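Each value in this text was obtained by applying a stated rule to the coordinates, not by laboratory testing. The structure presented is a predicted model; accordingly, all values stated were derived computationally and were not measured. All Cβ positions, glycine included, derive from the backbone under ideal geometry; neighbour counts span all protein chains shown.
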Amino acid sequence: MGQGVLTPTRPPFPRVGGVLRCGSHALDDLAERHGTPLYVYDADRALERLRTLQEAFASSPRDLLVAYSVKANPNLALLRLFARAGAGADIVSGGELYCALHAGFPPGRIVFAGVGKTTAEMRDGLRAGIRAFHVESAQELEACARVATQLGREAPVAIRVNPDVRSPTHEFTRTGHAAAKFGVPPDEAIELYRRVAEHPRLRAAGVDVHIGSQLREGDPYLRALDVMLEVADRVRNEVGIALRYADLGGGFGIADAEAGELDVRALGREVAARLRGRGLELIVEPGRFLVGDAGVLVTRVLYVKRSGGKTFVVTDAGMTELIRPSHYGGVHAVTPVCEDGHGDEEIVDVVGPVCEQGDFLARDRLLPVPSPGALLCVHQAGAYGFTMASNYNSRPRPAEVLVHGGRATLVRRRERYSDLIRGQRHD
Ligand code: LLP
């Protein structure tokens, strides 16, 4: 399977009359009203992406659950949107469980991943009645059994298999190779299913993999799926349990300024072919694919400075608002919000105000040199943007606006200075 195409079905944030828009709202108007830096999300685009995945994998098995990976963007308004549209939730903490339940995801559509679940988090998940815990070690399974016994409840579990598939992506977002901290090797997985079968308070619900994030090729998924299906076969033959679902994880790559997106339709067809006749439900856990290009970060240019042969465009957003460029080498498209009011094109670095040399949003980009006060739009910022924002340099975190059906709503107010000292004592 090859790489996908660069053109999304409907380009989000189109330029109309020289100005970038989100739905019927011009981004400069939104920036004027709510200030900068500002996150803007296009709800229609996010829902369109959910439908794209639902269709791409629909021909698969008996049932399909698209479980939105909450960590990508836990804004409640987006969570509510996905919950209403029939999605499930992939969570990794008690906090995400709290938000997912608050947003209205039915517990039966929530799966709980992560190598370090605490017993308190397990208790919360069990009490809520979630679909399953995705267990990543023998000791975690023991802890889960203890919690289930204490509560007098049955814990549904799926073992996360480490398929030893090396994903072609940034090393920090590769999770399927043997040396990663995630999952257990197939033989150990079989052993864990044996323990599940023997324990009165554990029930085997499914099997799970997740091999990484921002993958543009389908082949690694198919290799991981093959390993997972072999485990499911062995569980049936050697342990005597018929698992209900196979969870392929998330990581479906989107287009950015560097390359195109994963061809999810082609992947969906291949996955369907492998699952046919097995009676397994399919779960996928997309985060970035649903919200990545449905969100942008709007930032205002403060200054342009030239030194050491370079041109720096200094903006009011930086690594505190979007850490992806400096932490993962993320290559986000950056464009002027308004076509007018810029100078000639030059190769520039777009850098933030944070006192770190590693604080940048884009490097070596050809951009019309903006004047101070101009607005820039950082694209593909809907996933792992706000959620990874920090208060470093005592910077209040930005506001978030959701545009849905023609209405722009402030779904999270900008933090104030008072938020910076909330919860602290200084006497
Ligand atoms: N399922 C599991 C178990 C995961 O750990 C993740 C992401 C996902 C699903 C969703 O992956 P997605 O579809 O969003 O790629 N902060 C990094 C990405 C970290 C992904 C962590 N796990 C970045 O900005 O590139």
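Numbers for the structure displayed
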read-out: Positive minus negative residues near residue 348 (Lys, Arg vs Asp, Glu; Cβ under 12 Å); value: 0
read-out: Value of Rg to Rh for the chain (Rh from inverse mean 1/r over Cα pairs, i.e. Kirkwood); value: 1.00
read-out: Nearest-20 debye value, the range 30-106 charge dipole, Cβ charges on Lys, Arg, Asp, Glu; value: 80
read-out: Part-to-part distance (alpha-carbon centres) for the range 212-280 and the range 393-427, which is given in Å; value: 38
read-out: Separation of the residue 420 and residue 226 label points, Cα + 7 Å toward Cβ, nm; value: 5.5
read-out: Zone of residue 194's modelled label, taken as backbone nitrogen in the range 208-245 under 15 Å from a point 7 Å along Cα→Cβ; value: 234-241
read-out: HN-Hα J in Hz across the range 416-427 - Karplus 6.51, -1.76, 1.60, θ = phi - 60°, x for Gly and Pro; value: 10, 4, 4, 5, 5, 10, 4, x, 9, 10, 9, 9
read-out: Given charges at Cβ of Lys, Arg, Asp, Glu: the chain dipole, positive-most of 76, 137, 264; value: 76
read-out: Part-to-part distance (alpha-carbon centres) for the range 102-152 and the range 314-330, which is given in Å; value: 34
read-out: Between helix 264-275 and the chain: long-axis angle, C-alpha atoms, 0 to 90°, nearest 10; value: 0
read-out: Degrees separating the helix 219-234 axis from the principal Cα axis of the chain, which is the longest one; value: 20
read-out: Label-point separation in nm, residue 349 to residue 128, each point 7 Å along Cα→Cβ; value: 4.2
read-out: Residue 413-residue 63 FRET efficiency (beta carbon distance; Förster radius 60 Å; 0.05 resolution); value: 0.95
read-out: Cα-centred dipole magnitude for the chain, charges only on beta-carbon of K, R (+1) and D, E (-1), debye, nearest 20; value: 1140
read-out: Size of charge dipole - the range 210-321 - debye, nearest 20, with Cβ of Lys, Arg +1 and Asp, Glu -1, no other charges; value: 200
read-out: Computed label-point distance, nm, for sites residue 306 and residue 76 using a 7 Å Cα→Cβ extension; value: 5.0
read-out: Karplus 3J(HN,Hα) series, Hz, for the range 153-160 with 6.51 cos²θ - 1.76 cosθ + 1.60 (x for Gly, Pro); value: 10, 8, 9, x, 10, 10, 8, 7
read-out: Fewest-first ranking of 144, 355, 99, 22, using other Cβ atoms within 10 Å as the exposure measure; value: 355, 99, 144, 22
read-out: The range 42-170 - Rg (one decimal) and Dmax (whole number), Cα, Å; value: 15.5, 45
read-out: Shape category assigned to the range 6-118 from the gyration tensor of Cα positions, a/c cut at 1.5; value: oblate
read-out: Helix-only CD estimate at 222 nm, as mean residue ellipticity for the chain, using -39500 (n - 2.57) per DSSP H run (n ≥ 4); value: -8000 deg cm²/dmol
read-out: For residue 247, residues with placed amide H under 5 Å, excluding near neighbours; value: 207, 208, 209, 283
read-out: Nearest-ten-degree value, helix 138-151 long axis tilted from longest Cα axis of the chain; value: 80
read-out: Using alpha carbons only: equivalent-ellipsoid semi-axes of the range 250-407, gyration tensor based, whole Å; value: 35, 17, 15
read-out: Viscosity 0.692 mPa s, temperature 37 °C, Stokes-Einstein D of the range 233-318 from Kirkwood C-alpha radius, µm²/s; value: 188
read-out: Residues 419, 28, sorted so that the one with the fewest Cβ neighbours within 10 Å comes first; value: 419, 28
read-out: Order of 134, 177 - criterion: other Cβ atoms within 10 Å of each residue's Cβ, fewest first; value: 177, 134
read-out: Of 426, 273, 163, farthest towards positive along the dipole that unit charges on Lys, Arg, Asp, Glu beta carbons give the chain; value: 426
